[in-house]
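Below: the structure, in structure tokens.
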Amino acid sequence: MAELREFVDILRAAGEITRLRLLSLLSAGELSVKDLTEILDQSQPRVSRHLRLLTESRLITRHAEGAWAFFRLSDEKNAASLVHQLLGQLDTSDPVLQADVARLEAVQHDHQVRAASYFSKVAKDWDRVRSLHAPESAVEEAIVDMMEGKKVEMLVDLGTGTGRMLELLDGYFEKGVGIDSSREMISVARSKFECSGQKSVFVRLGDIGQLDEYRASADITMLHQVLHHFVDPGQALQSARETLKTGGKIVVVDFMPHKLEFLREEQAHKRLGLSHDQMHAWANAAGLHVTEAREIPHNKPGGGLTVCIWHLTDQS
């Protein structure tokens, strides 16, 4: 419990219109300063000042990535409870809040359009692009090794791209479903499996945020080089969590933190890698536990991208 003076300071930090709007927006997920500035239609210094006050009061947390900064509601139990109570008193039909939600949806739509545009451009050589980032053979060997030789009933591969993970893990599942939001990617994957005569694999056009059809169906759900394309990877992970059967597992394959800023614009990366601390926080929020993590360092002269494989197990 907060001391009296500390509690008053927290209330003072939240008790301002712009800061309440920020808390309301961040209740929908993690956002960057750029996103919040665009939604609120205020200057970057003004928005940053409000964010600093909320961070100092421990109502929100900040994560820096190169020149960018992302914010989310605090994971601290008392702070989260207080914010939940405050936001519960707001009238969601208020015109200001409704306008914020509309602009938030527009910003999120722009994120999706940019990512989809990128995927469409690289659909035909997606596997080649992947090979430029890391020693793919070492990563794939580690993925197979971490499967422990077990065969499961159902594997769901989110952001399947050209279907490489389903192809790699053939024999480790009775049924595999690949889901991707790019029609071009799905077309490439479907053609690949049609040519191979693979009958236990299905690829579907779909959105990671809308997985009701696959709820509680998967023993293993894959997220291979997917989360760094999300402004809020934690939200995507929570959606993926819904696909798991009780006791199921999510396998995340992604880059460790790096400083290659050009990947934001050239390849629509929203995150410059994912850290172990971030993965543990996102996993806990989704009711998952990180049971294993294996790093595969790059072997690129002059620098490259280290890949990590995380196993996240259902805690229920």
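Per DSSP H run of n ≥ 4, the term is -39500 (n - 2.57); total these for the chain, divide by its residue number, and report the mean residue ellipticity at 222 nm rounded to 500 deg cm²/dmol. Before the final figure, lay out the partial values.
Details: 13 runs with 145 residues, N = 316.
Counting only the DSSP helices, I get -14000 deg cm²/dmol.
Distance from a point 7 Å along Cα→Cβ of Ser48 to each backbone N in the range 67-98: keep the residues under 16 Å and list them by number.
In the range 67-98, the label zone of Ser48 (backbone N under 16 Å from the point 7 Å along Cα→Cβ) covers 67-71.
Please go through the range 1-99 and write out the GluC sites (Glu not before Pro) that DSSP classes as loop and that have at most 14 other C-beta atoms within 10 Å. Show your work: numbers first, answer last.
Working: sites: Glu3, Glu6, Glu16, Glu30, Glu38, Glu56, Glu65, Glu76; in loops: Glu3, Glu16, Glu30, Glu76.
Passing sites in the range 1-99 are Glu3, Glu16, Glu76.
Just one of (i) 143; (ii) 121; (iii) 112 is volume of the Cα convex hull per residue in Å³ calculated from these coordinates, so which is it?
Among (i) 143; (ii) 121; (iii) 112, the one derived from this structure is (i).
Can you give me the relative contact order of the chain as a percent, contacts being Cα pairs under 8 Å and 6 or more apart?
On the way: 502 pairs, mean separation 42.3, N = 316.
The value is 13 percent.
Using 7 Å Cα-to-Cβ label points, what is the Met146/Glu292 separation (nm, one decimal)?
In this crude spin-label approximation the distance works out to 0.8 nm.
Pick from Thr306, Thr92, Thr55: which is most flexible by mean-square fluctuation in a GNM of the chain where alpha carbon atoms under 10 Å apart are linked?
Greatest mean-square fluctuation among the candidates belongs to Thr92.
Using amide H atoms built 1.01 Å from N in the peptide plane, name the residues 5+ places from His224, or on other chains, whose amide H lies under 5 Å from its own.
Those lying under 5 Å, H to H, from His224 are Leu158, Val253.
Pull up the DSSP beta bridges for the chain and report the antiparallel fraction as a percent, rounded to 5. It would help to have the intermediate numbers written out before the result.
Values: 24 of 45 bridges.
Expressed as a percentage, antiparallel bridges in the chain total about 55.
Add +1 for every Lys or Arg and -1 for every Asp or Glu among the other residues with Cβ under 13 Å from the Cβ of Ser81, and state the total. Display every interim value, and only then the final one.
Numbers: positive: Arg58, Lys77; negative: Asp75, Glu76.
For residues surrounding Ser81, the net value is 0.
Going by amide H atoms built from the backbone, whose H comes under 5 Å of the H on Phe230, apart from near neighbours?
Here Lys270, Arg271 satisfy the definition.
Helix 77-88 against the longest principal axis of the chain: what's the angle in degrees, Cα atoms only, rounded to the nearest 10?
70 degrees
Counting only C-alpha contacts under 8 Å and six or more residues apart, can you give the relative contact order of the range 4-90 as a whole percent?
Values: 81 pairs, mean separation 27.1, N = 87.
Rounded, it is 31 percent for the range 4-90.
Using Cα pairs under 8 angstrom and six or more residues apart, how large is the relative contact order of the range 234-315, in percent? Write down the numbers at each step before the final one.
On the way: 125 pairs, mean separation 32.0, N = 82.
So the answer I get is 39 percent.
Between Glu295, Glu266, Glu136, where does the largest GNM mean-square fluctuation fall for the chain, given springs only between Cα atoms within less than 10 Å?
It is Glu266.
What spacing in nm lies between the two simple spin-label points modelled at Asp314 and Asp110, each 7 Å away from Cα in the Cβ direction?
Between Asp314 and Asp110, the label points sit 3.9 nm apart.
Mind ordering 247-255, 145-153 by average Cβ neighbours within 10 Å, highest first?
Numbers: 247-255: 21.2, 145-153: 12.4.
Going by the mean number of other Cβ atoms within 10 Å, highest first, we get 247-255, 145-153.
Scan around Val152 for amide H atoms under 5 Å from its own, H built in the peptide plane at 1.01 Å from N, and keep only partners 5 or more places away or cross-chain.
Here the answer is Phe173, Glu174, since their amide H atoms fall under 5 Å of that of Val152.
Nearest 0.05, what FRET efficiency do Ala80 and Asp41 give at R0 = 25 Å with Cβ-Cβ as r? It would help to have the intermediate numbers written out before the result.
On the way: r = 28 Å, r/R0 = 1.11.
After rounding to 0.05, the efficiency reads 0.35.
Could you order peptides 177-184, 275-282, 83-90, 161-168 by the average number of other Cβ atoms within 10 Å of their residues, highest first? Before the final figure, lay out the partial values.
Numbers: 177-184: 21.6, 275-282: 17.0, 83-90: 13.5, 161-168: 23.4.
Peptide ranking by packing, descending: 161-168, 177-184, 275-282, 83-90.
Read-outs throughout are calculated quantities, based only on the coordinates presented, and are distinct from any laboratory measurement. Treat the numbers as computed from the prediction; the structure is a model and nothing was measured. Cβ atoms come from the backbone with ideal geometry, glycine included; neighbour counts cover every protein chain shown.
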